[in-house]
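Coordinate-derived values only; no laboratory data. Since we're looking at a predicted model, the values are computed, not measured. Heads up, the Cβs are rebuilt from the backbone with ideal geometry, glycines too, and the neighbour counts pull from every protein chain shown.
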Amino acid sequence: MSVGMLSIGTIVGPQGIRGHFKVKPFTAAPNSLSAYGPVTTDTGQRLILQIMSVNAKGLAIVSARGVDTRDAAEELRGLTLYVARESLPEPKDGEFYHADLLGMNVSKHDGPWLGTLIAIHNFGAGEIAELATDRGSTIMVPFTVDRLMKVDREEKELCLFVPDGLLP
């Protein structure tokens, strides 16, 4: 996807037989998936989403014009949804988009450099920062608000509290 596009969710599969599908939102509120206008998929397909409901797992059940069957919804499985950066609101003070942090140098709270932030994952138990190290490997550390000590956008650096014993 182009630099001016940010991911707002991923399609996890069909819901029912009428072409509805489930989206795992990357937005603060699942209902906001449709608030930013049309979305574009990894394949370049443009969709206008309508939120039908949000299930107990926090997945948005959505419909989109032109996706009218379960088979059509199944073809979308695994695709990421993107919106143009300019269609998103500017973050408030102290807030940021994950995309703004990618590529930043990450240091530990007591000083040592850990690596470069290459991804932020959420496997269900909270966010995890994946860092590329100078050894060619990656490490994963907790990435929650209480662990984020400092974000310096100008210097492209962030500082994380990493508990003793977590890293070798």
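Listed values, structure above:
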| read-out | value |
| --- | --- |
| (i) 17.1, 67; (ii) 18.0, 55; (iii) 22.2, 84, with the label sought being that of the calculated Rg and Dmax of the Cα atoms in Å | (ii) |
| Among the listed pairs LYS108/LYS150; LYS24/LYS92; LYS57/LYS92, those beyond 19 Å (Cα-Cα) | LYS24/LYS92; LYS57/LYS92 |
| Simple spin-label estimate for ASP134 and TRP113 in nanometres, 7 Å along Cα-Cβ | 0.5 |
| From phi via Karplus (6.51, -1.76, 1.60), per-residue ³J(HN,Hα) for the stretch 118-124 in Hz, x at Gly/Pro | 10, 6, 10, 10, 9, 8, x |
| Distance-filtered residues of the stretch 61-103 - backbone nitrogen under 17 Å, label point 7 angstrom along ASN31 Cα→Cβ | 61-63 |
| Along the chain, longest interval not containing exposed trypsin sites (Lys or Arg not before Pro), exposed being DSSP loop plus at most 12 other Cβ atoms within 10 Å | 1-56 |
| Mean separation of Cα contacts under 8 Å (6+ apart) over length of the chain, as relative contact order % | 18 |
| Within-14-Å neighbourhood charge of PRO30 [Cβ basis; K, R +1; D, E -1] | +3 |
| Förster radius 30 Å - calculated FRET efficiency between MET149 and ALA84, Cβ distance, rounded to 0.05 | 0.40 |
| Residues whose placed amide H lies under 5 Å from that of LEU49, excluding near-sequence neighbours | VAL39 |
| Hz values of 3J(HN,Hα) by residue in the stretch 138-145 - Karplus curve (6.51, -1.76, 1.60), Gly and Pro given as x | 10, 10, 10, 9, x, 9, 10, 4 |
| Net charge over other residues, Cβ less than 11 angstrom from the Cβ of LYS108 (K, R count +1; D, E count -1) | -1 |
| Neighbour-limited loop hits for GluC sites (Glu not before Pro), the stretch 90-168 (at most 16 other Cβ within 10 Å; DSSP other than H, G, I, E, B) | GLU95, GLU154, GLU155 |
| Unit charges on C-beta of K, R, D, E only; dipole of the chain, Debye | 660 |
| The stretch 100-152, relative contact order in percent, only Cα pairs under 8 angstrom and at least six apart counted | 24 |
